[in-house]
Amino acid sequence: MSILSRAAAALLATSALVAISSPSLAQDFKGKSAGDIVVRARGLAVIPQEKGRLNAPALNADIGDAKIGNDYIPEVDFTYFFTENIAAELIAGTTRHRVKGNILPALGGSVEAGKVSLLPPTLTVQYHFLPKERISPYVGAGLNYTLFYNKKAANSVNSAGLAVIDTDYENRFGWALQAGVDVAIAGNWSLNFDVKKIFLKTDWKAKTNLGVDVNSKVTIDPWLIGIGVGYRF
């Protein structure tokens, strides 16, 4: 079972418990309204869907492709409701990813490129379909800007004696799509399940110990899958 299906199953189970909970919880419930501010804390899985060919200009050849690892982080987001249906959300969190290259067998077959941290502030505008209900789904779309920082080359020699000794990534804007659901628990507290798709590319450059520089236009396009709790002010 995938991470997405597991998280969805957990949220559905919780929703069922809320639906059959005591009448006292229903008395505490208040629907979403204009002027509300919701602060959430989520556990987030960041799962890149990378595509990118590694090019070696000195060899005039494609030598392989890039691979970017997943990361799992805490994340905080803030949502402001302009009306009971229309809101804007800003997420704050940072991830760190392991980068490697699958390259030609003559160059060792695989090489560790290193690690890089990403700071991807994302602002979305949301439409909440059932703002006055305990189970309130929403969709959103918006803009992302990703900063690549703390770039650390692996300096790890592979079987052919090749090592990446320096790396660089270009900061980029990207688009974001979003879908999620809030499940009211009691009072101002709610559970939240949220999925975002970020459409993101970067230009990646690396220097090697053998004098063969490598570059790639990498499509990252990560899924951001989160589950957590929110409090409405």
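The values are calculated or read from the model by the stated rules, or taken from the named source; none is laboratory data. Predicted, not measured: the structure shown is a model, and the values here were computed from it. Glycine also receives a Cβ, built like all others from the backbone with ideal geometry; neighbour counts cover every protein chain displayed.
Some notes on this structure:
- Segment 156-187, subset among the β-branched types (V, I, T) and more than 18 Å from the chain's Cα centre (by Cα), residue farthest from E133 (Cα to Cα): V157
- Segment 55-69, subset at pLDDT 85 or above and assigned to a strand (DSSP E or B), residue surrounded by the most Cβ atoms within 10 Å (Cβ to Cβ): A66
- For segment 164-220, the candidate set comprises residues that are among the aliphatic types (A, V, I, L, M) and outside any strand (DSSP E or B); within that set, the residue that is nearest to I91 (Cα to Cα) is L200.
- Listed conditions (1) in a strand (DSSP E or B); (2) modelled with pLDDT under 75 are all met by A10, apart from (1).
- Positions within segment 58-117 being out of contact with any Leu (no Cβ under 6 Å at 6 or more places or on another chain) and of a type in the set (S, T, Y), in sequence order: Y72, T79, Y80, T83, S110, S117
- Which numbered condition I86 fails, given (1) within 17 Å of T202 (Cβ to Cβ); (2) β-branched (V, I, T); (3) in contact with a His (Cβ under 8 Å, 6 or more places away or on another chain): (1)
- Candidates in segment 93-104 are the residues that are closer than 19 Å to S216 by Cα and not β-branched (V, I, T); of these, the one that is surrounded by the fewest Cβ atoms within 10 Å (Cβ to Cβ) is N102.
- Under the condition of being touching a Leu at 6+ places or on another chain (Cβ under 9 Å), more than 30 Å from N158 (Cα to Cα) and not in a loop (DSSP other than H, G, I, E, B), the residues counted in segment 118-137 number 5.
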